[in-house]
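The numbers here are math on the coordinates, done by the rules we state, and not lab data. Quick caveat: nothing in here was measured; it's all calculated off a predicted structure. Cβ atoms come from the backbone with ideal geometry, glycine included; neighbour counts cover every protein chain shown.
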Amino acid sequence: MKQHMRADQAPVPFIDIAAQRKRLGKSIDDAVAKVLAHCQFIMGPEVRQLEADLSAFCGARHTISCSNGTDALIMAQMATGIGPGDAVLCPSFTFCATAESVVCVGASPVFVDVDEKTFNMDLASLDRAIEDAKRAGLRLKAIIPVDLFGQPADLDAIAAVAKREGMIVISDAAQSLGATYKGKRVGTQALVTTTSFFPAKPLGCYGDGGAVFTDDDKVAEALRSIRVHGQGADKYDNVRIGMTGRLDTIQAAVLIEKLKIFQDEIEARNRIAARYAEGLKDVAIVPQVASGYGSVWAQYTIRVEKRDALAAVLSTRGVPTAIYYPKPLHRQEPYKRYPVAGNGLPVTDKLAAEVISLPMHPYLDEPTQDRVISAVREALG
Ligand SMILES: *Cc1c(COP(=O)(O)O)cnc(C)c1O
């Protein structure tokens, strides 16, 4: 006998790319069809159009689209001359690509603890990491703060520390494109800002993609060259080591259409986050957005003591959850050999044991939000 799924039992999607696809419908079909007609699959006119649109969106002088968010970080470090012997300070409580990119260019990550309220780089720990990097004989070169779960790190304070120590800042905004810091969208606060268009990010394409933002003409020129094998005056003139770092024209065409509704989606995410907070603040530690900051809610991440029990109960109620991130980078095999700030990263370890993310996407309707809220309340109550 076919089992009937009641609407209040049907599984809730953790993110819902199909709902957005339905909303965009023909506009995406037409945009992709146009590329299929002109056949300029590499660096076609849509790539230039998207770069102009993104520059206008976040206020950056230069946007260099690229293959993915990890390559964006690698290209940013190649373009700013980061390499062996250099210390690059970054969080351990992040997606692995942040530190992986540092190792890829031959430099050494130095892991910094985070603040338990914002999940972002802690300034006292940053100072300790600087002392530890010096003691380890590394050259202080760069700081890579991450805007975790969509809320910017304290980019001005980090820039001030970098300036004091003669370092540069590369901001990993893979989760925070569209977020605001002191009233301005992220993209211009650091020397270089990188982002990702992986489908699950707030602005995702239909495959892999990324971008690098900078106001610096020289860095922009280096990035454009690195993106195409270190190309110089023409295709067969190579002036540096680069890579195949381009964004496909089809992905650019998709992103042009998605960027048009992105601000509307950011507002929807904020409404959902506000409702979640209202419904859950007395039973869990809910995420806070610091005053003067705006989040794009790449994840809605709460903290509870009995996380696994909560996940198990929610799963029986058709409410999926995810853990970002269960194992901090400094505890993972390939990264264990690199320095950590102070005697360890206590906040990172604590968060890794307590965080749990709830379904979050702009098309989560109010009845479904209420279902998530009551399921969490019942499980914790
Ligand atoms: C997703 C992500 C990246 C990497 O982006 P990809 O496009 O998947 O390569 C880097 N840093 C952070 C913080 C991310 O969340």
Quiz item: Checking N238 against (1) surrounded by fewer than 23 Cβ atoms within 10 Å (Cβ to Cβ); (2) over 24 Å from Y363 (Cβ atoms); (3) within 16 Å of the ligand (Cβ to nearest atom), which test does it fail?
Solution: (3)
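Residue-by-condition table, conditions (1) of a type outside the set (V, I, T); (2) crowded, with 18+ Cβ neighbours inside 10 Å; (3) at positive phi; (4) not in a helix (DSSP H, G or I):
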site	(1), (2), (3), (4)
V319	no, yes, no, yes
A352	yes, yes, no, no
V372	no, yes, no, no
A375	yes, yes, no, no
A379	yes, yes, no, no
Exercise. Among what's in the stretch 139-167 and is surrounded by fewer than 24 Cβ atoms within 10 Å (Cβ to Cβ) and charged (D, E, K, R), pick the residue that is farthest from the ligand (Cβ to nearest atom).
Key: R164
Exercise. Select from the stretch 174-189 the residues that are hydrophobic (A, V, I, L, M, F, W, C) and out of contact with any Cys (no Cβ under 9 Å at 6 or more places or on another chain) and write down the one among them that is surrounded by the most Cβ atoms within 10 Å (Cβ to Cβ).
Key: A174
Practice problem: Restrict the check to the stretch 217-230 and report whether at least one residue is within 15 Å of the ligand (Cβ to nearest atom), under 18 Å from H62 (Cβ atoms) and not basic (K, R). | Solution: no
Exercise. Write out, first by first residue and then by second, each pair whose Cβ atoms fall under 7 Å of each other, whose residues are 6+ apart or on separate chains, and whose first residue, in the stretch 56-73, is more than 11 Å from D215 (Cα to Cα) and β-branched (V, I, T) while the second is within 7 Å of the ligand (Cβ to nearest atom) and not in a loop (DSSP other than H, G, I, E, B).
Key: T70/A97
Quiz item: Can you tell me how many residues in the stretch 109-129 are surrounded by fewer than 22 Cβ atoms within 10 Å (Cβ to Cβ) and either among the aliphatic types (A, V, I, L, M) or over 25 Å from V286 (Cβ atoms) (or both)?
Solution: 4
Self-check item: Cross-chain or 6+ apart pairs with Cβ under 6 Å, the stretch 171-193 first and in contact (Cβ under 8 Å) with a residue 24 or more places away in the chain and within 16 Å of the ligand (Cβ to nearest atom), then part of a loop (DSSP other than H, G, I, E, B) and hydroxyl-bearing (S, T, Y)
Solution: A179/S295; V186/S176
Quiz item: What residue, of L314, L364, is surrounded by 16 or more Cβ atoms within 10 Å (Cβ to Cβ), in a helix (DSSP H, G or I) and of a type in the set (A, V, I, L, M)?
Solution: L314
Exercise. Pull up the stretch 265-295, narrow it to residues that are of a type in the set (K, R) and assigned to a helix (DSSP H, G or I), then point me to the one that is surrounded by the fewest Cβ atoms within 10 Å (Cβ to Cβ).
Key: R271
Quiz item: For the stretch 257-264, does any single residue satisfy the condition of being away from the ligand (no atom under 16 Å from the Cβ) and assigned to a loop (DSSP other than H, G, I, E, B)?
Solution: yes
Quiz item: Are any residues in the stretch 201-216 near the ligand (Cβ under 10 Å from one of its atoms) and acidic (D, E), and if so, which ones?
Solution: D208
